[in-house]
Amino acid sequence: MREIESIVVLTGAGISAESGLPTFRGAGGVWEHYRVEDVASPQAFARDPQLVHRFYNSRRQKLLSANIKPNSAHLALAAFESAFDGEFLVVTQNIDNLHEQAGSENIVHMHGELLKKRCQQCLQVTFVYEDINTSDGCERCGKQGTLRPHVVWFGEMPLEMDHIHQALEKCDLFISVGTSGNVYPAAGFVDIANMWNSHSVEINLEPSAIESSFKEKIYGPAASMLPKFLTQLQTKTTVG
Ligand code: BJW
């Protein structure tokens, strides 16, 4: 048994599905309408920046529409964090801002953020709420055609990896919510947490590609399963 002093929660597209944002893989997923190799690599952006901008512009417009709101899974995580005495970190693979909208404070966007753009020339990162176009100029360095979405594509290094590793190495409880376990390095986090003897829990609609690595598994929609799990967790002081 381990005292619960530090918790890391990894989230994926499944946690935002019930808010109306599609997942990537599976029926109705993003990759059904776009080929991953056409829109989610630096090579794709170099080849056809207009297509990649269109892909992210439409997802940004959807995220900013009035009907997209955090669901009870995002809200339960934020409420748990504010009541918890120990260390609590949400590591999200999602580029939406629904965790922030729900009130999460200690959060890492390892695959970047849809509401930020980056200049490839001067590396300035700024918020963006409108479409990005190939003809746009950078507000800082003035260069034209250098802006890209501040997201992490295949072959690029995810963000804040040192911070994430430090949290994984000392966490007592690792919870994975709504991710298929197909994309690394996120899919390897459970093994790191297990190596440090933490308790690991998968909450997902269905068993993920890495389900055998988890010590506890809960299957069903995140918006009902996660609040239930966190309510029970509030009454516990140890796991394992
Ligand atoms: C619900 C639900 C509900 C639905 N409730 N659940 C061979 C072996 C190992 C690794 C590699 C390899 N070849 C290449 C690699 C590395 C590569 C990789 O992992 N490739 C795999 C495809 C094999 N990874 C990378 O390149 C990463 N970088 C890297 O490794 O750097 C190191 C390095 C760099 C340079 C040189 C050397 C080393 C970068 C990965 C970037 C991923 N980017 C994307 C796009 C980001 C921007 C965007 O959003 O457009 O990130 S791809 C996409 O997948 C997105 C997601 O964050 C990510 C994960 O998807 P997620 O969240 O798991 O979604 P789904 O759809 O897959 O799953 C949803 C789940 O929810 C499902 O299970 C549903 O059942 C469930 N669900 N409704 C609960 N209501």
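The values are calculated or read from the model by the stated rules, or taken from the named source; none is laboratory data. Small disclaimer: the values here were computed from a predicted structure and weren't measured. In this analysis, Cβ positions are derived from the backbone assuming ideal geometry, glycine residues included, and neighbour counts consider all displayed protein chains.
Within the stretch 1-36, can you find the residues that are in contact with a His (Cβ under 9 Å, 6 or more places away or on another chain) and within 11 Å of the ligand (Cβ to nearest atom)?
Pass one, the stretch 1-36, residues in contact with a His (Cβ under 9 Å, 6 or more places away or on another chain): 2, 4, 11, 15-16, 19, 22.
Answer for the stretch 1-36, where residues must be in contact with a His (Cβ under 9 Å, 6 or more places away or on another chain) and within 11 Å of the ligand (Cβ to nearest atom): Thr11, Ile15, Ser16, Ser19, Pro22.
Tell me, yes or no, whether the stretch 129-150 has at least one residue that is out of contact with any Phe, Trp or Tyr (no Cβ under 7 Å at 6 or more places or on another chain), at pLDDT 95 or above and within 12 Å of the ligand (Cβ to nearest atom). Yes, the stretch 129-150 contains a residue that is out of contact with any Phe, Trp or Tyr (no Cβ under 7 Å at 6 or more places or on another chain), at pLDDT 95 or above and within 12 Å of the ligand (Cβ to nearest atom).
What do you reckon, is Ala83 away from the ligand (no atom under 16 Å from the Cβ) and of a type in the set (Gly, Ala, Ser)? It would help to see each step written out before you state the result.
Numbers: away from the ligand (no atom under 16 Å from the Cβ): yes; of a type in the set (Gly, Ala, Ser): yes.
In short, yes.
Residues in the stretch 92-146 that are of a type in the set (A, V, I, L, M), free of Cβ contacts under 8 Å to residues at least 40 places away in the same chain and under 22 Å from Leu63 (Cβ atoms): Ala102, Ile107, Val125.
Quick check on my filter: what residues within the stretch 31-57 are surrounded by fewer than 18 Cβ atoms within 10 Å (Cβ to Cβ) and touching a Ser or Thr at 6+ places or on another chain (Cβ under 7 Å)? If the condition is that a residue be surrounded by fewer than 18 Cβ atoms within 10 Å (Cβ to Cβ) and touching a Ser or Thr at 6+ places or on another chain (Cβ under 7 Å), then Pro49, Gln50 are the ones that fit.
Of the strands (runs of 3 or more DSSP E) contained entirely in the stretch 123-240, those carrying at least 1 residues that are in contact with a helix residue (DSSP H, G or I) (Cβ under 8 Å, 6 or more places away or on another chain) fall at 147-151, 173-177, 199-204, 216-219. If you go through the stretch 181-191 one residue at a time, do you hit one that is hydrophobic (A, V, I, L, M, F, W, C), near the ligand (Cβ under 7 Å from one of its atoms) and loosely packed, with under 13 Cβ neighbours inside 10 Å? For the stretch 181-191, residues hydrophobic (A, V, I, L, M, F, W, C), near the ligand (Cβ under 7 Å from one of its atoms) and loosely packed, with under 13 Cβ neighbours inside 10 Å: absent. Filtered by the rule that a residue be in contact with a strand residue (DSSP E or B) (Cβ under 9 Å, 6 or more places away or on another chain), surrounded by fewer than 21 Cβ atoms within 10 Å (Cβ to Cβ) and among the charged types (D, E, K, R), the stretch 76-112 gives Glu87, Glu100, Glu105.
Scan the stretch 58-68 and give yes if some residue there is away from the ligand (no atom under 13 Å from the Cβ), in a loop (DSSP other than H, G, I, E, B), buried (at least 16 other Cβ atoms within 10 Å of the Cβ) and among the β-branched types (Val, Ile, Thr), otherwise no. Steps first, please.
Looking only at the stretch 58-68, we keep the residues that are away from the ligand (no atom under 13 Å from the Cβ), and these are 61, 64-68.
From what's left, in a loop (DSSP other than H, G, I, E, B): 64-68.
Subsequent filtering for residues that are buried (at least 16 other Cβ atoms within 10 Å of the Cβ) retains 68.
From what's left, among the β-branched types (Val, Ile, Thr): 68.
So far as the stretch 58-68 goes, yes, one or more of its residues are away from the ligand (no atom under 13 Å from the Cβ), in a loop (DSSP other than H, G, I, E, B), buried (at least 16 other Cβ atoms within 10 Å of the Cβ) and among the β-branched types (Val, Ile, Thr).
Restricting attention to the stretch 193-227 and to residues that are exposed (fewer than 15 other Cβ atoms within 10 Å of the Cβ) and over 20 Å from the mean Cα position of the chain (by Cα), the residue that is farthest from the ligand (Cβ to nearest atom) turns out to be Asn197. Taken over the stretch 120-155, the criterion of being of a type in the set (A, V, I, L, M) and either surrounded by 15 or more Cβ atoms within 10 Å (Cβ to Cβ) or in contact with a Leu (Cβ under 6 Å, 6 or more places away or on another chain) (or both) is satisfied by Val128, Ile132, Leu147, Val151, Val152.
Arg2 meets all of the listed conditions (1) at pLDDT 95 or above; (2) more than 23 Å from Met157 (Cβ to Cβ); (3) surrounded by fewer than 17 Cβ atoms within 10 Å (Cβ to Cβ) but one, namely (1). Within the bounds of the stretch 101-118, is there any residue that is more than 26 Å from Thr146 (Cα to Cα) and within 15 Å of the ligand (Cβ to nearest atom)? Yes, the stretch 101-118 contains at least one residue that is more than 26 Å from Thr146 (Cα to Cα) and within 15 Å of the ligand (Cβ to nearest atom). Can you tell me which of Leu89, Leu77 is within 14 Å of Thr11 (Cβ to Cβ) and within 15 Å of the ligand (Cβ to nearest atom)? From the options Leu89, Leu77, the qualifying one is Leu77. Restricting attention to the stretch 69-84, the residues being basic (Lys, Arg) and outside any loop (DSSP other than H, G, I, E, B) number 0.
Taking the stretch 157-177 only, how many residues are touching a residue at least 24 places away in the same chain (Cβ under 8 Å), out of contact with any strand residue (DSSP E or B) (no Cβ under 7 Å at 6 or more places or on another chain) and not charged (D, E, K, R)?
Step one: of the stretch 157-177, the residues touching a residue at least 24 places away in the same chain (Cβ under 8 Å) are 158-161, 163-165, 167-177.
With the extra rule that they be out of contact with any strand residue (DSSP E or B) (no Cβ under 7 Å at 6 or more places or on another chain), the set shrinks to 158, 161, 165, 169.
Keeping just the survivors that are not charged (D, E, K, R) gives 158, 161, 165.
Matching residues across the stretch 157-177 total 3.
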